[in-house]
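*Asks:* Input: one structure, supplied below.
Laboratory data are not the source of any read-out in this text; all were calculated from the coordinates shown. All values reported here derive from a predicted model rather than from experimental measurement. Neighbour counts are summed over all protein chains in view; Cβ atoms, including those assigned to glycine, are modelled from backbone coordinates with ideal geometry.
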Amino acid sequence: MLKRQKQRNNTLFLFIGLGNPGSEYHETRHNAGFMVIDRLAETLSLKFKNPFFKNYLIAVGNYQDKRVVLIKPTTFMNRSGLIFNYIPGKYIFTDNMIVICDNMDLPVATCRVKNRGSNSSHNGMSSIINSYGSEEFLRIYVGISKPVQGESVISHVLGKLEDSEISDFSKGIDRAGKAALSLLTTDVQRVMNEYNRKNT
């Protein structure tokens with residue numbers, strides 16, 4: 001469990017996208033968190049680096065008057081929380097940590113912003129909560145829908161997207177990325193009001 005500090009930074013935003021490393025998982029539903037982080041990096045013109053002997057990729061930059069840190073763990077999903085053993089404390093102890101991951105309870109092409117909560121039966125989120133030592137952080141969920149009848153959960157989350165799904169899935173990634181950027185400049189409740197409603 002992470003040891004909390006009293007001094008915190010409210011001008012730094014730490015975005016952690018969850019996924020599995022390796023080309024075989026690159027375009028799977030379970031890597032939605034990675035995809036959103038990649039979209040943010042592209043939008044902000046940031047490049048990822050892999051610090052020596054560290055289990056994450058990191059990109060750091062500025063957006064308006066905010067410091068932005070993007071993280072992609074290079075552990076497998078259920079060990080995502082191990083990154084807290086390696087990320088510099090100056091990044092961890094912010095009032096604005098946002099974890100981004102997939103969610104089967106949400107339809108494709110949607111996202112949901114929450115300011116706290118349980119692990120939502122997500123192994124990566126569970127690992128983050130256990131290592132961070134609190135559920136008190138922002139999260140953005142990307143909808144991937146439930147498995148179809150006869151399909152296992154594992155096959156669904158780790159399966160490649162069908163051609164017919166790619167367009168709607170990309171809309172969800174884009175929507176989550178815009179929600180993330182909005183959190184940098186807009187009150188959390190207003191962001192939730194805008195992005196948690198169903199797409200029209």
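*Asks:* Please state, rounded to one decimal and in Å, the Kirkwood hydrodynamic radius that the range 9-195 gives when every pair of distinct Cα atoms enters the mean of 1/r.
*Replies:* By the Kirkwood definition, the hydrodynamic radius is 16.4 Å.
*Asks:* A further question on this structure: Peptides 176-187, 142-153, 26-37: what's the order by average Cβ count within 10 Å, highest mean first?
*Replies:* So the order, starting with the most tightly packed, is 26-37, 176-187, 142-153.
*Asks:* I would also like to ask the following. Counting DSSP beta bridges in the range 1-134, what percent are antiparallel, to the nearest 5?
*Replies:* 45 percent
*Asks:* Now for a different question. Could you name the aspartates and glutamates whose alpha carbon sits less than 18 Å from that of Lys178, not counting residues in the same chain fewer than 8 places away?
*Replies:* Asp38, Glu42, Asp65, Asp102, Asp168, Asp187, Glu194
*Asks:* Subtract the Cα-Cα distance of Lys90 and Asn119 from 0.36 nm times their separation in residues, and report this length gain in nm to one decimal.
*Replies:* That pair, Lys90 and Asn119, stretches by 8.0 nm at full extension.
*Asks:* Just how large is the dipole of the chain about the Cα centre, in debye to the nearest 20, putting +1 at every Lys and Arg Cβ and -1 at every Asp and Glu Cβ?
*Replies:* 860 debye
*Asks:* Under a crude label model (7 Å from the Cα following the beta-carbon direction), how far is Val188 from Gln64 in nanometres?
*Replies:* Distance between label points: 1.7 nm.
*Asks:* Kyte-Doolittle cut-off 1.0, length cut-off 15 Å along the helix's own axis using Cα: show which whole DSSP H helices in the chain pass.
*Replies:* Span-like helices, by this rule, are absent here.
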